[in-house]
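One structure is given here, and the rest of the page talks about it.
Bear in mind that the values in this text are calculations on the coordinates, not laboratory data. All of these numbers come straight from a predicted model, not from anything done at the bench. So basically every Cβ, Gly included, is an ideal-geometry build from the backbone, and we count neighbours across all protein chains shown.
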């Protein structure tokens with residue numbers, strides 16, 4: 001399995017109990033879509049390795065308690081702490097027309113209401129505090145917050161993101 005064909009479901013944050021259980025922090029909007037998981041892929045040395053689940057119990061606050069087959073001790077579980085969990089893109093739920101997944105935006109053209117074409121989306125930074133679009137503008141990387149009020153509309157058919165950038169945002173990146 002290749003990371004380009006997958007999305008990050010979350011990561012293993014800590015050991016849970018004495019018999020190989022772990023706590024998983026989920027990085028998805030609708031965790032209930034994944035409550036019947038039978039397996040995940042775990043990033044190990046830049047390779048995605050399949051791991052089969054004995055259980056995957058959703059908890060409040062985008063967390064889950066999980067246990068993997070053949071991981072029956074605390075030591076087994078500790079080796080997995082910090083590991084990222086992945087699923088194939090085909091496991092993503094279908095979205096409404098006005099909704100989108102961040103990975104879909106790569107390659108879309110960003111158009112500002114006042115300045116016109118800004119550039120093509122090269123990367124999405126999915127950070128804990130804020131999600132950002134990375135666009136090359138005048139040979140500099142510009143970061144645009146993914147927020148209501150800034151992102152006005154995403155046209156999937158035309159592959160365009162329409163936005164209203166805050167005054168001076170681009171100037172910050174163009175200063176030497």
Quiz prompt | region 3-91 shape via C-alpha gyration tensor axes, a/c threshold 1.5 | solution = oblate
Self-check item: Estimated 222 nm signal from helices in the chain, with DSSP H stretches of n ≥ 4 weighted -39500 (n - 2.57), rounded to 500
Solution: -1500 deg cm²/dmol
Exercise. Could you compute the FRET efficiency for residue 54 and residue 140, with r as their C-beta to C-beta distance and R0 at 30 Å, rounded to 0.05?
Key: 0.05
Exercise. Return the FRET efficiency for the residue pair residue 3, residue 65: r is the Cβ-Cβ distance, R0 is 25 Å, and the value is rounded to the nearest 0.05.
Key: 0.50
Quiz item: What relative contact order, as a whole-number percentage, does the chain give when Cα pairs under 8 Å and 6 or more residues apart are counted?
Solution: 17
Quiz item: From the square roots a ≥ b ≥ c of the eigenvalues of the alpha-carbon gyration tensor of region 102-174, which class results: rounded (a/c under 1.5), prolate (a/b over b/c), or oblate?
Solution: rounded
Practice problem: Among 91, 157, 66, determine the one that fluctuates most according to a GNM of the chain built with springs between C-alpha atoms less than 10 Å apart. | Solution: 157
Exercise. Could you line up 106, 146, 121 from fewest to most neighbouring Cβ atoms inside 10 Å?
Key: 106, 146, 121
Quiz item: When volume of the Cα convex hull per residue in Å³ is calculated directly from the model, which label among (i) 129; (ii) 194; (iii) 144 fits?
Solution: (iii)
Self-check item: FRET efficiency, residue 122 to residue 90 (Cβ-Cβ, R0 30 Å, nearest 0.05)
Solution: 0.75
Quiz item: By how many nm would the segment from residue 147 to residue 101 lengthen if fully extended, with 0.36 nm per residue of separation less the alpha-carbon distance?
Solution: 15.2 nm
